[in-house]
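Trainee: Before I ask anything, let me first share the structure, which is written out below as structure tokens.
The values are calculated or read from the model by the stated rules, or taken from the named source; none is laboratory data. All figures in this text were calculated on a predicted structure; none of them were measured in a lab. Neighbour counts are summed over all protein chains in view; Cβ atoms, including those assigned to glycine, are modelled from backbone coordinates with ideal geometry.
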Amino acid sequence: MPQSEIQNIDSSPNEAFAAVPDSKSNSMEQGITMRAKGLKLPSISVESMQIVALIAIITILAISMQINNDRFLSAANLKVMTVNFIPEAIMALGMTIVMISGGIDISIAGVLLICGIVVGMLMNAGLPVPIAIVLTLCLAGFIGFINITMANLFKVHPFLSSLSLLLLLRGLSLVITGGATVSGFPDSFKFLGQETIFGIPTQIVLFAVLAITIGYLLKNHRFLQQAYFIGGNRRSARMSGIKVERFLIFAFVLNGILAGIAGIVTASKFGAASVSFGQNAELRVIAAVALGGASFTGGTGTILGTALGIFFLALIYNAFAMTGVNTYWQDVAIGAMLMIAVFLGEYLKKRQIAR
Amino acid sequence: MEAVLRVENICKSFVAGTPVLQDVSLEVKPGQVHALVGENGAGKSTLMNIIGGIHQADTGSIYFNGQPVVFSNPLQAMQSGISIVHQELSLAPNMSVAQNIFVGHEPVRGGGFIKWKDLHANARLLFDRIGIEIDPTALASKLSVSMQQLVEIAKALSFDAKVLIMDEPTSALSDKEIDRLYAIMRDLTARGVAIIFISHKLTEVFAISDQISVLRDGRMAGTVDAKGASHSQIIQMMVGRHIEDLYPPKSSAIDENVIFAVEDFSKPPHFKNISFKLRRGEILGFAGLVGSGRTEVARAIFGADKKDTGKIMVEGKEIKVRSPQDAIKHGIGYLTEDRKVLGLFLNMSVRENIVAAGLNRFLNKLGLIRHRRIKRETKHFVNFMEIRATSAEVAVINLSGGNQQKALLAKWLCAKPRVLIVDEPTRGVDVGAKAKLHSDLRNMVEEGIGIIVISSELPEILGLSDRVAVFREGQITAILAGNTTQEEIMKYATV
């Protein structure tokens, strides 16, 4: 009699709960119980396999470079290597959330550019540094808002809305500067891009704080977790009561603000804002996020993977600079690497489904 | 007994002037399974979506526990105790089972941080309650379809549902799994939960339901006690007329010409030593349990999967099939079991879908498309197949399941194949459309082609086939005459 036993279990839920992990006999008797076959296998997800592969490649690359040139892993070189990619790294954090929720935003390089210029112009106009920064970040967030609102309202793919913004922002930057470099910032603005905290460059500390916070929240916070559901199955996310549009607005605004931070850091580092900033940065960012395991269809991706992806790019660029191999080859290497990562990911996924 | 849910005089139209629901009323009592049946497009899903807060009624009211309620989103309905188990599986693949169940109402500590231990413990308690054992930390993508279905039920129950709406919950389940589902449903009703059960399969409806309500063309055709009702009475209420025969008469026009033959097809472990012949004008049924290799053989014939060894002969000549394009070129069509994923271009129009496989027939000498001829022919097919759509330009996604299946059949009809393989041709299709699809298949073979029908419904195999090939564990164990019996087929299909 399944009925009576179910009631029996119901009356002592704790006992039934305790019996689940090891004792099969109790549940087998119910007659309507089944075991999830295959779940006992140690299941490594495709994502974590990609991360392991990425770590392995980074290690091999770093060791072989170190053998080649013993200054490669020196503190000085590591600092140079990392600092060069901090703007991309900061932007990749936002892009990870956007891509997990199934979107894309290629306007970030334009946001970086315009924010570097705007923060400089505001300071040169006499505004105190903190106020200039806050106003600039408001602008950055607003651009993100415009981006996703266009996509939501007109039901266009965010690729298209962000493409239009990228072109528009690049053009605007030329218009407001006349092509000239903006410079002559106050000294206190240097702290972000040129100074250190306990000997570590401020921008690296900034990135680490942002990455750890966002990474932790993405894993453990109810609100940010929604990204995975929206990217995994948007329709059912909506059915489950997730306010999809509201989350996407959040994700794109955050992404815009992070690109704004990247622009301010860049301006601080060079003590100037030039219209050449951020050239192709959006492509490097997307490549890094994809290398880190985020899929273009949404639903997958981690901050750890993204950070490794960025580090890999930084390593490749630095390795080319140090070995003196024609730097024209560096994008070839990264393109090839991305290709391998994509094929590897697809292959692993297929093999898992087949099993 | 006081009704837990009362729906009164609901009207709803999405496009002004074409009502989907008209003056629909329904009463659901606690502890009962209330079946809701009706043809595709009758308005069942719309009614459920209104009750579940996904859509809002234009006029009319809903009373829950005697109180009038208005739900403006699904979450409100779920929190009040009305949950839907949707027909299409909707779990986020890369999230754990527990996360999927509690999405949107995870146990959190202050600031919204998820309490993982509680989350997993709560999921285990829910699984215990419905008597299944799944690891709450497993990724949803690792579960079988039937397991995912059970997780969906657990998800619906996680809100302590008083009314559970199940939309075609059995369509992806095997017989054994369906029995388990019934046991869970009975257990839930024993605790006072009311279940609204939507199904196309009347046998299931009679097996589990206490009450049956029938929707027809957006109106409530009536509610009856399951005990006193008969199949034919329900069918009559559904279609508004009496359906004489679900199956057309068998063929009179089989000639001895073998139009298609397969010899020694093998691809261990999926299938081996598959040989059979198909004659002109014949419908050959492929019977067997789920997983016996029928679909795998069909996919290999069509070039969708690779085979290891074996020959395909069309009209006596051996042909090489390495891809679906090759198969189509030689006149082999395959109507897939999964029409949404593999068969149709959902966002494209009925017209574009119909000509998708037969575009070669509409090219002029320069290789340009002859649009006017396409329009004329698709119009003919829409009429001939009785596809219910406002025009051939409507996107297929807007059609009901039965009409989508008709469009898919029209697509292959339009490609003028010599051999057509149809895989579960009437899955998720209502009775009226079923009879129409069956007679269409018969009409197609009468025009001189051969058809292979794969179906898990034995009555369908028996009703349609001129001969039946029975599969077991990747092999054909018998080829029986069309007048065989279910028992005979089962004898060869099982060990």
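Trainee: Assess whether B:Ala190 counts as being in contact (Cβ under 8 Å) with a residue 60 or more places away in the chain and within 7 Å of chain A (Cβ to nearest Cβ).
Mentor: Judged against the criteria, B:Ala190 is a match.
Trainee: Quickly run through segment A:306-330 and pick out the residues that are surrounded by 16 or more Cβ atoms within 10 Å (Cβ to Cβ) and modelled with pLDDT under 80.
Mentor: A:Gln330, the sole residue that qualifies.
Trainee: Please indicate, with yes or no, whether at least one residue in segment B:434-443 is within 27 Å of B:Met238 (Cα to Cα), surrounded by fewer than 23 Cβ atoms within 10 Å (Cβ to Cβ) and in contact with a Phe, Trp or Tyr (Cβ under 7 Å, 6 or more places away or on another chain).
Mentor: Scanning segment B:434-443, I find at least one residue that is within 27 Å of B:Met238 (Cα to Cα), surrounded by fewer than 23 Cβ atoms within 10 Å (Cβ to Cβ) and in contact with a Phe, Trp or Tyr (Cβ under 7 Å, 6 or more places away or on another chain), so the answer is yes.
Trainee: If you don't mind, there's one more thing I want to ask. Among the candidates B:Pro269, B:Pro248, single out the residue that is more than 29 Å from B:Asn443 (Cβ to Cβ) and in contact (Cβ under 8 Å) with a residue 12 or more places away in the chain.
Mentor: Going through B:Pro269, B:Pro248 in turn, the sole match is B:Pro269.
Trainee: Quick check on this structure: which one of B:Val314, B:Val321 is without any contact (Cβ under 8 Å) to a residue 40 or more places away in the chain and touching a His at 6+ places or on another chain (Cβ under 9 Å)? Working first, answer last.
Mentor: On the way: B:Val314 fails: without any contact (Cβ under 8 Å) to a residue 40 or more places away in the chain.
Only one candidate qualifies: B:Val321.
Trainee: Of the numbered conditions (1) farther than 17 Å from A:Thr266 by Cβ; (2) buried (at least 18 other Cβ atoms within 10 Å of the Cβ); (3) more than 20 Å from the chain's Cα centre (by Cα), A:Ala211 fails exactly one; give the number of that condition.
Mentor: Here A:Ala211 meets the rest and fails (3).
Trainee: So which of B:Thr378, B:Thr295 is among the polar types (S, T, N, Q), touching a strand residue (DSSP E or B) at 6+ places or on another chain (Cβ under 7 Å) and not in a loop (DSSP other than H, G, I, E, B)?
Mentor: Only one candidate passes the filter, namely B:Thr295.
Trainee: Please give the number of the condition A:Thr149 fails out of (1) of a type in the set (Val, Ile, Thr); (2) surrounded by fewer than 17 Cβ atoms within 10 Å (Cβ to Cβ); (3) within 26 Å of A:Gly271 (Cα to Cα); (4) within 25 Å of the chain's Cα centre (by Cα).
Mentor: Failed condition: (3).
Trainee: If you don't mind, another one. Would you confirm whether or not segment A:269-277 contains a residue that is more than 12 Å from chain B (Cβ to nearest Cβ) and surrounded by 23 or more Cβ atoms within 10 Å (Cβ to Cβ)?
Mentor: Taking every residue of segment A:269-277 in turn, at least one turns out to be more than 12 Å from chain B (Cβ to nearest Cβ) and surrounded by 23 or more Cβ atoms within 10 Å (Cβ to Cβ).
Trainee: Shifting gears a bit: Quick one: which residue in B:Val396, B:Val382 is within 13 Å of B:Ser349 (Cβ to Cβ), surrounded by 24 or more Cβ atoms within 10 Å (Cβ to Cβ) and within 23 Å of the chain's Cα centre (by Cα)? Reasoning before the result, please.
Mentor: Numbers: B:Val382 fails: surrounded by 24 or more Cβ atoms within 10 Å (Cβ to Cβ).
Residue meeting the stated conditions: B:Val396.
Trainee: For segment B:134-168, enumerate the residues that are surrounded by fewer than 20 Cβ atoms within 10 Å (Cβ to Cβ) and of a type in the set (D, E, K, R).
Mentor: B:Asp160, B:Lys162
Trainee: Also: Filter segment B:467-494 for residues that are surrounded by fewer than 21 Cβ atoms within 10 Å (Cβ to Cβ), touching a Gly at 6+ places or on another chain (Cβ under 8 Å) and at pLDDT 90 or above and give the result.
Mentor: B:Arg467, B:Gln475
Trainee: Quick one: which residue in B:His86, B:His34 is more than 19 Å from B:Asp217 (Cβ to Cβ), within 25 Å of the chain's Cα centre (by Cα) and at pLDDT below 90? Walk me through it before giving the result.
Mentor: Details: B:His34 fails: at pLDDT below 90.
The unique qualifying residue is B:His86.
Trainee: Condition test on A:Ser295, is it hydroxyl-bearing (Ser, Thr, Tyr) and either assigned to a helix (DSSP H, G or I) or away from chain B (no Cβ under 11 Å) (or both)? Break it down stepwise before answering.
Mentor: Numbers: hydroxyl-bearing (Ser, Thr, Tyr): yes; either assigned to a helix (DSSP H, G or I) or away from chain B (no Cβ under 11 Å) (or both): no.
No; evaluated as a whole, the condition is false for this residue.
Trainee: For the structure I just gave you, tell me whether B:Ile62 is within 27 Å of the chain's Cα centre (by Cα), among the aliphatic types (A, V, I, L, M) and on the phi < 0 side of the Ramachandran plot.
Mentor: Judged against the criteria, B:Ile62 is not a match.
Trainee: Next up: Pick out the one residue from A:Leu224, A:Leu254 that is at pLDDT 90 or above, within 11 Å of chain B (Cβ to nearest Cβ) and within 16 Å of the chain's Cα centre (by Cα).
Mentor: A:Leu224
Trainee: Looking at segment B:41-57 only, could you name the residues that are surrounded by 17 or more Cβ atoms within 10 Å (Cβ to Cβ), at negative phi and of a type outside the set (A, V, I, L, M)?
Mentor: Pass one, segment B:41-57, residues surrounded by 17 or more Cβ atoms within 10 Å (Cβ to Cβ): B:41-55, B:57.
Still in the list and also at negative phi: B:42, B:44-52, B:54-55, B:57.
Matches in segment B:41-57: B:Lys44, B:Ser45, B:Thr46, B:Asn49, B:Gly52, B:His55.
Trainee: Quick one: in segment B:343-369, which of the residues that are exposed (fewer than 13 other Cβ atoms within 10 Å of the Cβ) and without any contact (Cβ under 8 Å) to a residue 40 or more places away in the chain is nearest to the chain's Cα centre (by Cα)?
Mentor: First, the residues of segment B:343-369 that are exposed (fewer than 13 other Cβ atoms within 10 Å of the Cβ): B:347, B:360, B:363-369.
Subset that is without any contact (Cβ under 8 Å) to a residue 40 or more places away in the chain: B:360, B:363-369.
Details: B:Asn360: 30, B:Leu363: 35, B:Asn364: 38, B:Lys365: 41, B:Leu366: 41, B:Gly367: 38, B:Leu368: 37, B:Ile369: 34 Å.
Ranking the candidates gives B:Asn360 first.
Trainee: Pick from A:Lys190, A:Lys155: which is more than 21 Å from A:Leu93 (Cβ to Cβ), basic (Lys, Arg), surrounded by fewer than 18 Cβ atoms within 10 Å (Cβ to Cβ) and within 14 Å of chain B (Cβ to nearest Cβ)?
Mentor: Sole residue among the options that is more than 21 Å from A:Leu93 (Cβ to Cβ), basic (Lys, Arg), surrounded by fewer than 18 Cβ atoms within 10 Å (Cβ to Cβ) and within 14 Å of chain B (Cβ to nearest Cβ): A:Lys155.
Trainee: Residues to consider are B:Gly60, B:Gly38, B:Gly111; find the one that is under 30 Å from A:Tyr216 (Cα atoms) and either surrounded by fewer than 21 Cβ atoms within 10 Å (Cβ to Cβ) or in contact (Cβ under 8 Å) with a residue 40 or more places away in the chain (or both).
Mentor: B:Gly111
Trainee: Next up: Scan segment B:188-234 residue by residue and report those that are in a helix (DSSP H, G or I) and either among the hydrophobic types (A, V, I, L, M, F, W, C) or within 24 Å of B:Phe64 (Cα to Cα) (or both).
Mentor: If the condition is that a residue be in a helix (DSSP H, G or I) and either among the hydrophobic types (A, V, I, L, M, F, W, C) or within 24 Å of B:Phe64 (Cα to Cα) (or both), then B:Leu188, B:Thr189, B:Ala190, B:Leu202, B:Val205, B:Phe206, B:Ala207, B:Ile208, B:Ile234 are the ones that fit.
Trainee: Further question: Sort out which residues of segment B:112-133 are assigned to a loop (DSSP other than H, G, I, E, B) and either more than 8 Å from chain A (Cβ to nearest Cβ) or at pLDDT 90 or above (or both), and write them in order of number.
Mentor: Once the filter is applied, which keeps residues that are assigned to a loop (DSSP other than H, G, I, E, B) and either more than 8 Å from chain A (Cβ to nearest Cβ) or at pLDDT 90 or above (or both), segment B:112-133 yields B:Lys115, B:Ile130.
Trainee: What are the pairs with Cβ atoms under 8 angstrom where one residue, in segment B:73-96, is more than 8 Å from chain A (Cβ to nearest Cβ) and surrounded by 22 or more Cβ atoms within 10 Å (Cβ to Cβ) and the other, located anywhere, is in a strand (DSSP E or B) and not hydrophobic (A, V, I, L, M, F, W, C)? Sequence gap at least six, or different chains.
Mentor: Every condition considered, the pairs that remain are B:Ala77/B:Ser83; B:Val85/B:Asp167.
Trainee: Scan segment B:362-370 and tell me whether some residue there is within 21 Å of B:Asp440 (Cβ to Cβ) and of a type in the set (Gly, Ala, Ser).
Mentor: The answer is no, given that none of the residues of segment B:362-370 is within 21 Å of B:Asp440 (Cβ to Cβ) and of a type in the set (Gly, Ala, Ser).
Trainee: Right, something else. Within segment B:139-147, identify whether any single residue is at the interface with chain A (Cβ under 8 Å from one of its Cβ atoms) and in contact with a Pro (Cβ under 8 Å, 6 or more places away or on another chain), and answer yes or no.
Mentor: Initial filter on segment B:139-147 (at the interface with chain A (Cβ under 8 Å from one of its Cβ atoms)): B:139, B:142-144, B:147.
Cutting the leftovers down to in contact with a Pro (Cβ under 8 Å, 6 or more places away or on another chain) gives us B:139.
Yes, some residue in segment B:139-147 is at the interface with chain A (Cβ under 8 Å from one of its Cβ atoms) and in contact with a Pro (Cβ under 8 Å, 6 or more places away or on another chain).
Trainee: In segment B:306-339, which residues are under 25 Å from B:Phe471 (Cβ atoms), loosely packed, with under 15 Cβ neighbours inside 10 Å and either modelled with pLDDT under 85 or in contact with a strand residue (DSSP E or B) (Cβ under 7 Å, 6 or more places away or on another chain) (or both)?
Mentor: Passing the criteria: B:Lys306, B:Asp308, B:Thr309, B:Lys311, B:Glu318, B:Asp338.
Trainee: Which condition number does B:Ala16 fail, the rest of (1) over 25 Å from B:Met237 (Cα atoms); (2) at pLDDT below 85; (3) surrounded by 23 or more Cβ atoms within 10 Å (Cβ to Cβ) being met?
Mentor: With respect to (1) over 25 Å from B:Met237 (Cα atoms); (2) at pLDDT below 85; (3) surrounded by 23 or more Cβ atoms within 10 Å (Cβ to Cβ), B:Ala16 is out only on (3).
Trainee: Just name the residue that is farthest from B:His34 (Cα to Cα) out of those in segment B:152-187 that are touching a residue at least 12 places away in the same chain (Cβ under 8 Å), part of a helix (DSSP H, G or I) and more than 10 Å from chain A (Cβ to nearest Cβ).
Mentor: Filtering segment B:152-187 for residues that are touching a residue at least 12 places away in the same chain (Cβ under 8 Å), part of a helix (DSSP H, G or I) and more than 10 Å from chain A (Cβ to nearest Cβ), the one farthest from B:His34 (Cα to Cα) comes out as B:Ala154.
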